Structure formats: C-alpha cells, structure tokens
Amino acid sequence: MNGTTAPAPADRLRAALDVLLDGLPERGTAAAVERLIHHYRGRTPTDAPILRDRADAAAYAAYRMPATFGAVSAALDALAARLPGWEPASHLDVGGGTGAAIWAADAVWPGGGRPVTVLDWAGPALDLGRELARGAGAPSALRASEWRRARLAPGLDLPAAELVTVSYVLGELTGETRDALVDAVARTAGRVAVFVEPGTPEGFARVRRVRERLVGAGMRLLAPCPHDGECPIVPGADWCHFAARIGRSALHRRVKGGELGHEDEKYSWVAVVRPPLPEGASPAAARIVRRPRVRKGLVLLNLCTRDEGLREETVTRRDREAYRAARRATWGDASDPTPTTGDTDPDAGG
Ligand SMILES: C[S@@+](CC[C@H](N)C(=O)[O-])C[C@H]1O[C@@H](n2cnc3c(N)ncnc32)[C@H](O)[C@@H]1O
C-alpha cells in the first residue's frame, strides 16, 4: 500500500467535468440549463438535436451527466451482481450524448480495454464527451472510445456489441423509432442490453414496453425483474423505479441551484440477456421495490417476487438473520424472500 487510493468513479467524473467546464460563462450555462429543463419538461420528440452547440452540451454535462451516470452505474452494478464473472468484450452506447453510460460501464467493469462506441446525432455532445473521455482524469480504457454521429430512425441498423446501453433516450424518440430501436438492439446486442429511463410513470411505461418487446424477441430478463412473465404492476396505479444518491459538486450546485449536497435520481430500468444464460447468471428471486420501512422491532419490505408477484414482507426481530439482513437492505436490492418465523428472539435475554 502506498497510502493513496484511486478516486471513486463518481468523483473522477466530477473532477473531469470541473476541469472541462471551468471558466464557462456562468450566465450562458445557466441559460442553456433553463432551456434544457424546458425541453425535457415538454418531453416531445424533436426533428433536430436539443443539444445544438457547445453551451448546450456543457449545460447537459454539468446539469444532468452526474445523475445519469449515477443511475446507469447503479443499474449496471445490480446487473453485474446477476452475472458473476461476466465482463462485456465490447460496448455500444446508443444516444450516448456526453457518454455517461460508458463512464458507468467502466466503473462497474474497470480497465477492460474493450472497444467502446458512442452513437448520437448531436455533434456538440459527442465532441464534449470525446474530450471528457480523452481528458487527464478519464479512465484509460475510455481514451480509445469511438464517437459516431448517427440518427436513430425507423430502419436503423446498429453496430454489433456485446453490451448495448440506451440511457435516457427513449423519451426523445417517436413511438415508431423507439420500437425500431428496441428491435435493432434485440437483433444486435451480443449478450446484454440495458435500458434506463427516468423513474417517472412515463419513463416506466416506456421501460415496460421495452421489456415486453425484448422478451417477445427471445431475450431473457435478468434484472431488476425476477422473471420474464407479465409485469405485476398495474399500469396507472404505480410504477417501478429506484433511486440513486448523487453527490453534488459546487459546480453542479451552482448550475442547478439548490443547497443540498446531494439529490436522489429516480430511474426505471431493464436488463436482458441473450440466451443461453451464462453459467451462474440468474434473475433475483425477489427485488425490493420501495424504500424499506423500519419500525420498532420490524422491517417492512415491498417485494416483486418470482413466484408471488408483488407482496409485502414483514421481517421481525424473531428471525434474527433475516432481520439483520432486512435492516441493511436498501431499495433496489435483490432479496431472497425470508420466512418470518424463527425460534430465536434477539430481544429475549437482551
Ligand atoms: C437525455 S440525453 C441522454 C444522454 C446519455 N445517454 C445520458 O444518459 O446522459 C438524450 C440523448 O439522445 C440523443 N438523441 C435523441 N434523439 C436522437 C435521435 N433521433 N438520433 C440520435 N440521437 C438522439 C440526444 O442527442 C441526447 O444526447
């Protein structure tokens, strides 16, 4: 040990963004952020890129990239737990913008030396993403990444890659292009495809449709769902989403406003694998789909389960092991349903 530790991937990205965005005229960036917020609220597919120039791309990177990086990292982390020993030999990020998902993939499977390609129609976003990936703080594995201009539209063909990511893109596409993209991913993803969308009812509705379409095309569900069958969530009544805690840098606070040192990025996601499943790979038996609620002597878990759909589980102190695990559990964790009966009471005898 030499006493120094490598910075965490999120800190690394934040430091790289600070360097790249340092000296940007604050007023211009704030105006570009306003414009982006306005656009994303409208959520309408556009005929031309929203990220039109460097100020837009810089605003996106400062305002959104730490959060999309956080969400995609959390999703890929949870996916990697279901695919022990697997690493992608190549990565294609579709609608990759400034490249949050390639930083996330490198955080989960570091130093792979794999070919990495980012596709997007917004030249300024690709330019800024390329600079970030070639910058001093970037992981060396991203330096050779390829940044290609491409328009997603019906009839599109994607280059083949073992891992394909599509994060925060579908909301900007027409329904027809969305379906065409999902079908293209189903044709070309060598092994794994991951879609991440905002954790809103609309984002989840898109993920749900992707899920059905990919399973219909013969892919197998790996996460977060515990099975390939029909999603038990009643459309309109609820939506499946998770939260990633994002630390905010001073620059991020300045650009986004707000005083808090962190925010929770809500996201919905789905990951599929081309069969046969690699050895050791399997969906979780159940997943925690809400923040666990801790009460005196018990923990309430909302689970989406393989065999029993959605159900609430009460884990009491009586079941010492399960209770300990439940106290540590967080929203989004995989979980093996645990029996609530047990013959030892941790309260008994102190
Ligand atoms: C919200 S950004 C997400 C960027 C990145 N994937 C992330 O997670 O941070 C949406 C991206 O999709 C791209 N995009 C939207 N419509 C597109 C189209 N028709 N063809 C190519 N790229 C498109 C945009 O240029 C933008 O970079």
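The values are calculated or read from the model by the stated rules, or taken from the named source; none is laboratory data. All of these numbers come straight from a predicted model, not from anything done at the bench. With ideal geometry, Cβ positions are generated from the backbone for all residues, glycine too; neighbour counts draw on all protein chains shown. Note: areas computed on protein heavy atoms with side chains; ligands, DNA, RNA excluded. Shrake-Rupley method; radii C 1.70, N 1.55, O 1.52, S 1.80 Å.
Counting residues that are open to solvent by less than 20 Å² (accessible area, probe 1.4 Å) and among the small types (Gly, Ala, Ser), which strands (runs of 3 or more DSSP E) fully inside region 213-305 reach at least 2? Spell out how you get there, then give the answer.
Working: elements: 220-223, 242-247, 262-273, 286-288, 293-295, 298-305.
Passing ranges, in order: 262-273.
Would you say THR68 is hydroxyl-bearing (Ser, Thr, Tyr), surrounded by 15 or more Cβ atoms within 10 Å (Cβ to Cβ) and touching a Leu at 6+ places or on another chain (Cβ under 9 Å)? Spell out how you get there, then give the answer.
Values: hydroxyl-bearing (Ser, Thr, Tyr): yes; surrounded by 15 or more Cβ atoms within 10 Å (Cβ to Cβ): yes; touching a Leu at 6+ places or on another chain (Cβ under 9 Å): no.
So THR68 fails the test.
Does ASP56 meet the test of being within 13 Å of the ligand (Cβ to nearest atom), of a type in the set (Asp, Glu) and not in a loop (DSSP other than H, G, I, E, B)?
Answer is yes for this residue.
Collect the residues in region 74-106 that are of a type in the set (A, V, I, L, M, F, W, C), away from the ligand (no atom under 16 Å from the Cβ) and open to solvent by less than 10 Å² (accessible area, probe 1.4 Å), keeping them in residue-number order. Can you show your working first?
Taking region 74-106 as the starting set, the residues that turn out to be of a type in the set (A, V, I, L, M, F, W, C) are 74-76, 78-81, 83, 86, 89, 92, 94, 100-105.
Restricting the remaining residues to those that are away from the ligand (no atom under 16 Å from the Cβ) gives 78, 80-81, 83, 86, 89.
Scanning region 74-106 gives a single hit, LEU83.
Which one of the conditions (1) assigned to a helix (DSSP H, G or I); (2) aliphatic (A, V, I, L, M); (3) open to solvent by less than 20 Å² (accessible area, probe 1.4 Å) does ALA325 fail to meet, given that it meets all the rest?
Every condition holds for ALA325 apart from (3).
Select from region 170-203 the residues that are of a type outside the set (A, V, I, L, M), open to solvent by less than 20 Å² (accessible area, probe 1.4 Å) and touching a strand residue (DSSP E or B) at 6+ places or on another chain (Cβ under 9 Å) and list them in ascending order.
So in region 170-203, the residues of a type outside the set (A, V, I, L, M) come out as 171-172, 174-179, 183, 187-188, 190-191, 195, 197-203.
From the residues that got through so far, the ones that are open to solvent by less than 20 Å² (accessible area, probe 1.4 Å) too are 171, 177, 195, 197, 199, 203.
Matches in region 170-203: GLY171, PHE195, GLU197, GLY199, GLY203.
Hey, among ARG12, ARG64, ARG52, ARG43, which residue is at pLDDT below 80 and of a type in the set (Lys, Arg)?
On the way: ARG12 fails: at pLDDT below 80; ARG64 fails: at pLDDT below 80; ARG52 fails: at pLDDT below 80.
Checking each option against the conditions leaves just ARG43.
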